[in-house]
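The values are calculated or read from the model by the stated rules, or taken from the named source; none is laboratory data. Since this is a predicted model, take the numbers as computed values, not measurements. In this analysis, Cβ positions are derived from the backbone assuming ideal geometry, glycine residues included, and neighbour counts consider all displayed protein chains. To get the accessible areas, we keep the full protein, side chains included, count just its heavy atoms, and leave off ligands, DNA and RNA. Shrake-Rupley method; radii C 1.70, N 1.55, O 1.52, S 1.80 Å.
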Amino acid sequence: MSDFKQSCLILDKPSGMSSNQALAKIKKKINQKKAGFSGTLDPLASGLLIIFFNKATKLCSLFLGADKSYEATIKLGYVSETGDSDGEIISVKDVPSLDERDLRILEEKYTGVIEQVPPMYSALKHKGVRLYEYARKGINIERDSRKVTIYNIRLDIIDKNYLALKVKCSKGTYIRTLAEQIGEDIGCGALLSKLVRTQINNIDLSSAVNFKDFLSSSDKDICEKHMKNVDSILDNVDACQLSETNKIKILNGNKVLIDIKPCEMLKIYDLKDNFLGVGEVNNNSELIPKKILV
């Protein structure tokens, strides 16, 4: 099997397991030790998880900060400790009647820059300890609100007790918290009963491989059908080719002059089309290496 030194996998993570559990099974399947993923999905959540292997892990951060899209189901009238259906129910209220006009008002309120207080059941750290670890011990940590951006949001009535949610949002948005905020505005509380991540940047869930299908795939299919070289998922990024002399300079961490307009990110290849990594071009037409993968 390949060494997957610059590889990534676009995975459809199933509900019912953590992102780390899914990662561990994938690593075991292909006998790889070094891997990481682009943004944690809660055990309840399913959908798009991009897994990076070996030197490709250097590009994880490019996707952690990416815009993301989700589809969710919100259960009205119930509030839980965790903000989703996995947590203990702490409040139950009657659900008021809603119509389309009510939903359009909510959509308008939550479009644009909004503030959220990160949930206690989250992977954020306080003094080096994950917040969910405090929460499991019954300890509440004061959290400052954060600004996030909702680019678009759509709410639809499924029935009296459930709403369907589609949203595109910035890094750091908690969909569980968004469901709770919507529930508070309606006046009955709410929790998240289903969540699917459908997009990261321009990468869509339709291009992902099913988790069980991957685990049952042959080595040949894994190499030829499922694994991608990481540069292929940066298809909205311009590219350049370097001479052998400039390649050596870049690999040694030095900048080189290049005839390309300034940009924050540029894919770098040698004359044999081998992917070297990414860099940026400054106002002096200098290519500066940022993340080199060879």
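Report the Cα centroid-to-centroid distance between region 227-259 and region 194-220 in angstrom, as an integer. Between the Cα centres of region 227-259 and region 194-220 lies a distance of 28 Å. Over the residues of the chain, the helix contribution to mean residue ellipticity at 222 nm works out to -5500 deg cm²/dmol, using -39500 (n - 2.57) for each DSSP H run of at least 4. Evaluating 6.51 cos²θ - 1.76 cosθ + 1.60 at θ = phi - 60° for every residue in region 34-49, the Karplus couplings come out as 9, 7, x, 9, 9, x, 5, 9, 4, x, 4, 7, 10, x, 5, 9 Hz, glycine and proline recorded as x.
What whole-number distance in Å separates the alpha-carbon centres of region 124-167 and region 81-102? Answer, in whole Å: 14. Residues considered: R176, R136, R146. Largest GNM mean-square fluctuation over the chain, using C-alpha springs under 10 Å, is found at R136.
Remark: relative contact order (the chain) = 21 percent; criterion is Cα-Cα distance under 8 angstrom and separation of 6 or more residues. Per-residue 3J(HN,Hα) values for region 51-59, derived from phi via the Karplus relation 6.51 cos²θ - 1.76 cosθ + 1.60 with θ = phi - 60°, read 9, 10, 10, 6, 5, 5, 4, 4, 9 Hz in sequence order (x marks Gly and Pro). Counting 0.36 nm for each residue step from R130 to D238 and taking away their Cα separation leaves a gain of 35.1 nm. Between I288 and A164, full extension at 0.36 nm per residue minus the direct alpha carbon distance yields a gain of 40.1 nm. A cut-off of 5 Å between modelled amide H atoms, ignoring neighbours fewer than 5 places along the same chain, links Y174 with no other residue. Of the GluC sites (Glu not before Pro) found in region 91-183, those that fall in a DSSP loop while having at most 15 other beta-carbon atoms within 10 Å are E142. Between S46 and L195, V196, R197, the built amide H atoms are under 5 Å apart, and every one of these is 5 or more places off in sequence or on another chain. Surface composition of the chain: carbon plus sulfur atoms hold 45% of the accessible area, using a 1.4 angstrom probe and ignoring ligands, DNA and RNA. Highest mean packing first, where packing is the average number of other Cβ atoms within 10 Å per residue, the peptides 91-98, 279-286 line up as 279-286, 91-98. The distance from the alpha carbon centre of region 1-66 to that of region 263-288 is 26 Å, rounded to a whole number.
Mind running the shape call on region 77-201? Use the C-alpha gyration tensor, a ≥ b ≥ c as the square roots of the eigenvalues: rounded below 1.5 for a/c, prolate if a/b tops b/c, oblate otherwise. It comes out oblate by the Cα gyration axes.
Size descriptors for the chain, from the alpha-carbon set: Rg then Dmax equal 21.9, 71 Å. Based on protein heavy atoms only, the chain ends up with 52 Å² per residue of surface accessible to a 1.4 Å probe. For region 1-61, the relative contact order is 47 percent, taking Cα pairs closer than 8 Å that sit 6 or more residues apart in sequence and dividing their mean separation by the residue count.
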